[in-house]
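One structure is given below, represented as structure tokens, and several questions about it will come after.
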Amino acid sequence: MSQSIISPAIISPATQIDPNYNFAYLNEQTKKMIRRALLKAIAIPGYQVPFAGREMPMPYGWGTGGVQITASILTPDDVLKVIDQGADDTTNAVSIRKFFQRTAGIATTLNTSTATVIQTRHRIPEQKLQQGQILVYQVPIPEPLRFLEPRETETRKMHAFEDYGLMHVKLYEDISQHGHIATTYAYPVMVEDRYVMDPSPIPKFDNPKMNNNPALQLFGAGREKRIYAIPPYTKVVSLDFEDHPFEIQAWDQPCEICGAGDSFLDEVIMDDQGTRMFVCSDSDYCQSRSEVQS
Amino acid sequence: MNQPLFSVTNLSKKFGKTIACNDISFDLWPGEILGIVGESGSGKTTLLRSIAGLIKPDQATINYQHKNKTLNIDQMDEPELRHLQRTEWAFVHQHPRDGLRMNVSAGANIGERLMANGWRHYDDIRAEAIKWLEAVEIDAKRIDDLPRTFSGGMQQRLQIARNLVTNPRLIFMDEPTGGLDVSVQARLLDLLRGLVRDLGLSAIIVTHDLAVARLLSNRLMVMKDGQVIEHGLTDQVLEDPQAAYSQLLVSSILQV
């Protein structure tokens, strides 16, 4: 909630690369291997491509998959934005941004429309993405069928044969237990009428944004060593039942800082008296709206 | 009716040097129930799993009649075979745990095959699940309970409901009454007999229990050491066994 330290339009200019590292940390052979996996993933939208994930100087679960993809696609002219739960100023976002400033010396920004590459954890920016931009997701568990079918050999066959009855079993269970589809994040989608895909733990609020998006969307799971992708302008449909259609979250009130009624809101506890406040989770979106108003 | 529904020719399966099934051939006619009996380790289950496409036999020709077409099961692609397995066929495992998803509710267990076949209307799926729970005599109120809260007999009945929900034409059963107490067995057998008659199913049932075989099956195959040693009408085999082993098997039924 620290709205503000740096004006969002500002780009932090390119810096000196730490001479002890290759550009963007990874060696060129590794980047080549990852780019091959990326090409295959883009060619088969929604299909999980195995890759030889490397040890990164951060723990698994902190975005090792996303960082490897970002490292492989960065060029010296890129402008990088990193967000964590929508915010540019949380630990994960700040440390990954610093990591690439040091190892790639590239320009960084907090502004969604200025960035060429955006690495994200658990959100898609509110601002519409443009053609030419790349959104890199950090993925903890890439397999949408995993919690119902623990065998990897079996889930790979299910994908190969389009044998997806099991995915609806999960949604059925939600309705039978809660009266509605209670899955609110990592909500499964069907990509281009072929592969069922886990969109990573983004809120289902963001699911519709993946459909027909002009930007390239890349997904990296470091621990599980899988890469998958949604090319620009690809059909992405959230799974549902005819009598229980897919719905996104809605709030009774707008953001208390910028007044936005169309963004994903975080609930923030203000004190120990139970005072609460709802604010945009996308810090750049909230801040740019506040600035226009003032 | 002038062609068998399911026919197996020269089926063999070895595990290393152990011969599990040796050169077995038989036909199953529409509406018929075939029992396979024999002692433990005689190759009954391997035979059943091979013909149902769960394991690959070393050698076999298996034909299945499907809408006036003969499908060659042993040459079939896996996606096609899986489609057949979840629509026209059913497999009831000996242990309900192998055939059920233990971590989802009874309703979801029954609905899985429907959803796999493209059903996308929640209320319809639920109505069908309730209909089948009642058909196998499970209280419809238990629809949202997990199978692990069910008794062994109820789990087995749930497994049967889960399999029959797509109205299969052919059902494979591996010791469907194994591990159940005698009174539960009797009710389950009654239920199975009723369902099979009402739905006009064909079935292949593996059992070591001759009483089950006598009650359910029209024809009987006796297996020993991976070979079929006797084959005939159920009454015929049980009343007048020809092979020495069949005689031993029949004479070893406990008389109470």
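The values are calculated or read from the model by the stated rules, or taken from the named source; none is laboratory data. This is a predicted model, so every value here is computed, not measured. Note: ideal-geometry Cβ built from the backbone for every residue, glycine included; neighbour counts use all protein chains shown. With ligands, DNA and RNA removed, areas are computed over all heavy atoms of the protein, side chains included. Shrake-Rupley method; radii C 1.70, N 1.55, O 1.52, S 1.80 Å.
Size of the dipole of segment A:69-142 about the Cα centre, Lys and Arg at +1 and Asp and Glu at -1 on the beta carbon, nothing else charged, in debye to 20? Each step should come with its number before you reach the end.
Numbers: 7 positive and 6 negative charges, 20 e Å.
Once rounded to the nearest 20, the dipole reads 100 debye.
Using a probe of 1.4 angstrom, how much of the accessible area of the protein assembly as shown is carbon and sulfur, in percent?
51
Is the C-alpha gyration tensor of segment B:1-98 telling us rounded, prolate or oblate? Criteria: a/c under 1.5 is rounded; beyond that, a/b larger than b/c is prolate, otherwise oblate.
Numbers: a/c = 1.43, a/b = 1.36, b/c = 1.05.
The shape class here is rounded.
To continue, here is another question. Please report how far the C-alpha centroid of segment B:51-73 lies from that of segment A:157-228, rounded to the nearest whole angstrom.
So the separation of the two Cα centres works out to 35 Å.
Counting only other residues whose beta carbon sits under 15 Å from that of residue A:214, what net charge do I get with K and R as +1, D and E as -1? Intermediate results must be reported in sequence, preceding the final value.
Numbers: positive: A:128, A:209, A:235; negative: none.
Result for the neighbourhood of residue A:214: +3.
Still on this structure, please answer the following. Just counting partner chain Cβ atoms within 10 Å, what average do the residues of peptide A:238-246 show around their Cβ? Write down the numbers at each step before the final one.
Values: counts 0, 1, 2, 8, 6, 7, 4, 0, 0.
Averaged over the peptide's residues, the number is 3.
In addition: Report, by chain and number, residues whose modeled amide H sits under 5 Å from the one on residue A:79, excluding near sequence neighbours (fewer than 5 apart, same chain).
Correct list: A:116, A:117.
What does the average come to when, for each residue of peptide B:92-104, you count the partner chain Cβ atoms lying within 10 Å of its Cβ? Spell out each step's value before the answer.
Numbers: counts 0, 0, 0, 0, 0, 0, 0, 0, 0, 5, 0, 3, 7.
Taking all residues of B:92-104 together, the mean is 1.
Quick one: what Rg and Dmax do you get for segment A:203-294 from the alpha carbons, in Å?
Rg, Dmax (Cα atoms, Å): 17.1, 47.
Could you give the accessible area per residue of the protein assembly as shown, probe 1.4 Å, as a whole number in Å²? Before the final figure, lay out the partial values.
Working: 24720 Å² over 550 residues.
Heavy-atom accessible area per residue stands at 45 Å².
Can you give me the solvent accessible area of residue B:239 with a 1.4 Å probe, rounded to the nearest 10 Å²?
130
Quick one: grab the alpha carbon gyration tensor of segment A:91-187, order the square roots of its eigenvalues as a ≥ b ≥ c, and give me rounded if a/c is under 1.5, else prolate or oblate depending on whether a/b is larger than b/c.
Details: a/c = 2.65, a/b = 2.05, b/c = 1.29.
Prolate.
For the protein assembly as shown, just say rounded, prolate or oblate: build the C-alpha gyration tensor, square-root its eigenvalues into a ≥ b ≥ c, call rounded for a/c under 1.5, and beyond that prolate if a/b exceeds b/c, oblate if not.
Values: a/c = 3.26, a/b = 2.23, b/c = 1.47.
Prolate.
Output needed: percent of Cα pairs per 10 Å distance bin for chain B, bins running from 0 to the one holding the longest distance.
Computed distribution, short to long bins: 7, 30, 35, 22, 6, 0.
Follow-up. Nearest 20 debye, what's the magnitude of the dipole of segment B:168-207 about its Cα centre given +1 on Lys and Arg Cβ and -1 on Asp and Glu Cβ? Before the final figure, lay out the partial values.
Values: 4 positive and 5 negative charges, 39 e Å.
The dipole magnitude comes to about 180 debye.
Could I ask something else about it? Which ³J(HN,Hα) values, rounded to whole Hz and listed in residue order, are derived for segment A:18-35 from phi using the Karplus coefficients 6.51, -1.76 and 1.60 in 6.51 cos²θ - 1.76 cosθ + 1.60 with θ = phi - 60°, glycine and proline given as x?
My calculation for segment A:18-35 gives 5, x, 7, 10, 5, 3, 6, 6, 6, 6, 5, 4, 5, 4, 4, 4, 5, 5 Hz in order.
Among the listed pairs A:98/A:225; A:128/A:235; A:40/A:98, which are separated by more than 18 Å between their Cα atoms?
On the way: A:98/A:225 24 Å; A:128/A:235 16 Å; A:40/A:98 30 Å.
From A:98/A:225; A:128/A:235; A:40/A:98, over 18 Å: A:98/A:225; A:40/A:98.
On average, how many beta carbons from a partner chain sit within 10 Å of the beta carbon of a residue in B:105-115? List each step's numbers first, then the result.
Working: counts 5, 1, 5, 11, 1, 0, 6, 6, 1, 3, 9.
Mean partner-chain Cβ count within 10 Å for B:105-115: 4.
Okay, next question. Below 8 Å, C-alpha to C-alpha, sequence gap of six or more: please give me the relative contact order for chain B in percent. Mind dumping the intermediate values first?
On the way: 449 pairs, mean separation 66.6, N = 256.
Result for chain B is 26 percent.
Answer with one residue from A:257, B:210, A:294: the one whose Cα lies farthest towards the positive end of the charge dipole of the protein assembly as shown, charges on Cβ with Lys, Arg +1 and Asp, Glu -1.
It is B:210.
Given the -39500 (n - 2.57) contribution per DSSP H run of 4+ residues, what per-residue ellipticity at 222 nm results for chain B, rounded to the nearest 500 deg cm²/dmol? Working shown, then result.
On the way: 10 runs with 99 residues, N = 256.
Here the helix-only value at 222 nm equals -11500 deg cm²/dmol.
Still on this structure, I have one more. For chain A, how big is Rg over Rh, using alpha carbon atoms and the Kirkwood form of Rh?
Details: Rg = 19.3 Å, Rh = 19.9 Å.
On the Cα set of chain A, Rg over Rh gives 0.97.
Round to the nearest 10 and report in Å² the accessible area of residue A:35, as given by a 1.4 Å probe over the protein chains' heavy atoms.
Using a 1.4 Å probe on the heavy atoms, I get roughly 90 Å².
Return the sequence-ordered ³J(HN,Hα) values of segment B:195-203 in whole Hz as given by the Karplus equation 6.51 cos²θ - 1.76 cosθ + 1.60 applied to θ = phi - 60°, using x for Gly and Pro.
4, 4, 5, 5, 8, x, 6, 9, 8
Putting +1 on Lys and Arg Cβ atoms and -1 on Asp and Glu Cβ atoms, find which of A:93, B:100, B:127 reaches farthest to the positive end of the dipole of the protein assembly as shown.
In the protein assembly as shown, that residue is A:93.
What percent does the relative contact order of chain A come to when contacts are Cα pairs within less than 8 Å and at least six residues apart?
Details: 600 pairs, mean separation 63.5, N = 294.
Contact order relative to length: 22 percent.
Loop only per DSSP, at most 13 neighbouring Cβ atoms within 10 Å: give me the chymotrypsin sites (Phe, Trp or Tyr not before Pro) in segment A:69-178, ordered by residue number.
Sparse-neighbourhood loop chymotrypsin sites (Phe, Trp or Tyr not before Pro): A:147.
Could you list which residues have their amide H under 5 Å from that of residue A:185, counting only those 5 or more apart in sequence or on another chain, with H placed in the peptide plane?
Close amide H contacts, sequence-distant or interchain: A:204.
Just to check I understand the Karplus step: with θ = phi - 60° and J = 6.51 cos²θ - 1.76 cosθ + 1.60, what whole-Hz values come out for segment B:10-24, glycine and proline as x?
Values, residue by residue: 6, 7, 10, 8, 10, 10, x, 8, 6, 8, 8, 9, 10, 6, 9 Hz.
If you don't mind, there's one more thing I want to ask. Between A and B, buried accessible area summed over both sides at probe 1.4 Å, in Å² to the nearest 100?
Numbers: alone 13990 and 12700 Å², together 24720 Å².
That pair hides around 2000 Å² of surface in total.
Another question about this same structure. Quick one: which residues, 5+ away or cross-chain, put their amide H under 5 Å from the amide H of residue B:21? H built at 1.01 Å from N.
The list, which skips near neighbours in sequence, is B:13.
With +1 assigned to the C-beta of every Lys and Arg and -1 to the C-beta of every Asp and Glu, and no other charges, what is the dipole magnitude of chain A about the Cα centre in debye, to the nearest 20?
1440
Projected onto the charge dipole of the protein assembly as shown (+1 at Lys/Arg Cβ, -1 at Asp/Glu Cβ, origin at the Cα centre), which of A:30, B:234, A:66 gives the Cα projection farthest towards the positive end?
Positive-most Cα among the choices belongs to A:30.
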